[in-house]
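Following: one structure in structure tokens, then a few remarks.
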């Protein structure tokens with residue numbers, strides 16, 4: 001749910017850990033989860049010519065009143081733990097996401113985060129692409 005031109009800080013690169021003797025980075029999406037942070041925590045997991053994969057951890061954050069994301073790239077996002085409520089400008093009802101739920105947000109579809117779970121980390125896996 002990040003848009004690096006707004007108030008959310010850019011993702012920090014994940015430390016590379018060799019795996020299987022091949023030097024391939026690996027890790028655990030639930031390791032070192034921040035607790036009750038003032039802002040969402042974004043961790044850059046992988047990047048390529050036209051793709052970026054991030055782990056995002058929310059702890060009760062929501063979009064600022066009146067703020068709508070309008071991203072130039074598509075975003076595929078899944079909730080791995082916790083929960084979230086998203087609202088799309090062109091839909092009457094918000095969408096609640098629970099662990100395992102995913103959706104594809106096309107480029108320039110205005111959306112916002114109405115709420116994330118305040119009692120436990122909401123862990124998102126987000127794939128941004130052209």
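Descriptive notes on the structure:
- Sole exception among (1) buried (at least 16 other Cβ atoms within 10 Å of the Cβ); (2) assigned to a loop (DSSP other than H, G, I, E, B); (3) under 15 Å from the mean Cα position of the chain (by Cα) for residue 109, by number: (3)
- Taken over the stretch 30-50, the criterion of being outside any loop (DSSP other than H, G, I, E, B) and either exposed (fewer than 11 other Cβ atoms within 10 Å of the Cβ) or under 14 Å from the mean Cα position of the chain (by Cα) (or both) is satisfied by 41, 42, 43, 44, 45, 46.
- Scanning the stretch 51-62 for residues that are part of a loop (DSSP other than H, G, I, E, B) and buried (at least 20 other Cβ atoms within 10 Å of the Cβ) gives 59, 61.
- Residue under evaluation residue 77, criteria (1) at pLDDT 95 or above; (2) under 30 Å from residue 24 (Cα atoms); (3) not in a strand (DSSP E or B), criterion not met: (3)
- Residue in the stretch 7-27 that is farther than 16 Å from residue 107 by Cα, in a loop (DSSP other than H, G, I, E, B) and modelled with pLDDT of 95 or more present: no
The values are calculated or read from the model by the stated rules, or taken from the named source; none is laboratory data. In this text, all values refer to a predicted model and were calculated from it rather than measured experimentally. Backbone-built Cβ (ideal geometry, glycine too); neighbour counts: all protein chains shown.
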